[in-house]
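The values are calculated or read from the model by the stated rules, or taken from the named source; none is laboratory data. Model, not experiment: these values are computed from the prediction. Using ideal geometry, Cβ is built from the backbone for each residue, glycine included, and neighbour counts are taken over all protein chains shown.
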């Protein structure tokens, strides 16, 4: 069989295609969007082919609960991460965040505390406040050129009797940390000691750079597998976010049943026909694409890091995973509103406002480099020029 090669430099016209990233309401024709976490790359050809074949049937009624969907998720976890899970432990959810919300509702009560590393993905903050839970922030600190966990603070928060859940985001969004086995073991040991259950968001698990490896939290030990629920989604890797299809993995049958009940109560059980087809094709036939994309992103990351070495105004801690860069712009000495205006009006770059990731994000912006290399090069030209003109 010939090796498949994907052309990540291939331009893709996304303006005017109902694409949120390029929505004219937020992204004018002279703006380069590098914000929301999807890619500008076409999905793998096996995914496109599988969807075209299924759509050619012309009948799109309610689908059955797909056994092949569960088998494909289990296959990917085993072949990609050496985590051997039974297909019966896998279940569909319409997105990682909806799944986490259902798990929070199933495994805690209003007034309970939930701990998370910060800065954190904004929906996690909203999830807590919208569901009557109290979010405790365990701030990641930069030490020796790396974002690191403050374990003393983490244990203090986990030891509070009101703390029931810990949300792990690994690889971490927005800092790009990929936690080591030792760090994950220590998190797991603390959570077991203090009777805190773990919800592990591993949506960026495929996206790790050279020298770093994603380790599924539940793969570390039987005890941690039974004290956690893991959430996965092919959307970040294969650009299938619009299909609203994810999965959770729960090896504890009682926990799985509780989360399933919450999903059922919130009418989140109906699988997406296209999402099921895309997920199966991606996980069965998309390994080549994931590997090649990370090689391509490594080149994009090198360009950004080299460009930022030319200024002392904007710094970056090189990420270990994800295609999201956490830019430290405090050297510009701007308020957050001035910083947003600088990027949008002067540099003509649409990034995510760091403050939306929590108070730790003040002075920061998040940049998505999962786009054609020419766009990354143009973005760096614009940014350096805008800095020079200050």
Given (1) touching a residue at least 60 places away in the same chain (Cβ under 8 Å); (2) outside the structural domain of residue 87 (by TED's automatic domain parsing), residue 62 misses just (2)
Considering only residues of region 102-122 that are part of a loop (DSSP other than H, G, I, E, B) and touching a strand residue (DSSP E or B) at 6+ places or on another chain (Cβ under 6 Å), which is nearest to residue 240 (Cα to Cα)? 108
Unique match (being assigned by TED's automatic domain parsing to the domain that holds residue 25, more than 25 Å from residue 41 (Cβ to Cβ) and surrounded by 23 or more Cβ atoms within 10 Å (Cβ to Cβ)) among 339, 383, 351: 339
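One line per residue, one yes/no per condition, for (1) in contact with a strand residue (DSSP E or B) (Cβ under 7 Å, 6 or more places away or on another chain); (2) loosely packed, with under 13 Cβ neighbours inside 10 Å:
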residue	(1), (2)
7	no, yes
19	no, no
24	no, yes
40	no, no
54	no, no
85	yes, no
90	yes, no
100	yes, no
Take residue 125 and decide whether it is at negative phi, surrounded by fewer than 20 Cβ atoms within 10 Å (Cβ to Cβ) and in contact with a strand residue (DSSP E or B) (Cβ under 9 Å, 6 or more places away or on another chain). yes
What's the number of the only condition in (1) touching a helix residue (DSSP H, G or I) at 6+ places or on another chain (Cβ under 7 Å); (2) surrounded by fewer than 20 Cβ atoms within 10 Å (Cβ to Cβ); (3) under 26 Å from residue 138 (Cβ atoms) that residue 323 fails to meet? (2)
Out of curiosity, is residue 345 farther than 25 Å from residue 6 by Cβ, assigned by TED's automatic domain parsing to the domain that holds residue 28, surrounded by fewer than 16 Cβ atoms within 10 Å (Cβ to Cβ) and modelled with pLDDT of 95 or more? yes
Yes/no for residue 25 being part of a loop (DSSP other than H, G, I, E, B) and within 19 Å of residue 207 (Cα to Cα): no
Just to check your reading of the model, which residue among 156, 148 is out of contact with any helix residue (DSSP H, G or I) (no Cβ under 9 Å at 6 or more places or on another chain) and either surrounded by 22 or more Cβ atoms within 10 Å (Cβ to Cβ) or assigned by TED's automatic domain parsing to the domain that holds residue 259 (or both)? 156
Could you please find all residues in region 31-40 being within 26 Å of residue 120 (Cβ to Cβ) and assigned to a loop (DSSP other than H, G, I, E, B)? 34, 35, 36, 37, 38, 39, 40
Quick check on my filter: what residues within region 362-377 are in a helix (DSSP H, G or I) and farther than 21 Å from residue 20 by Cβ? 373, 374, 377
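For (1) touching a strand residue (DSSP E or B) at 6+ places or on another chain (Cβ under 8 Å); (2) closer than 21 Å to residue 5 by Cα, each residue gets a yes or a no:
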site	(1), (2)
224	yes, no
228	yes, no
241	no, no
253	no, no
285	no, yes
298	no, yes
314	yes, no
All positions within region 298-320 that are farther than 19 Å from residue 35 by Cβ and surrounded by 21 or more Cβ atoms within 10 Å (Cβ to Cβ): 320
Candidate set: region 73-83, residues that are out of contact with any strand residue (DSSP E or B) (no Cβ under 9 Å at 6 or more places or on another chain) and not in a loop (DSSP other than H, G, I, E, B); chosen: the one nearest to residue 243 (Cα to Cα): 75
Limited to region 145-185, what total is found for residues that are out of contact with any strand residue (DSSP E or B) (no Cβ under 7 Å at 6 or more places or on another chain), farther than 29 Å from residue 37 by Cα and in contact (Cβ under 8 Å) with a residue 24 or more places away in the chain? 2
Mind telling me which of the residues 177, 162 ends up being in the same structural domain as residue 123 (by TED's automatic domain parsing) and crowded, with 21+ Cβ neighbours inside 10 Å? 177
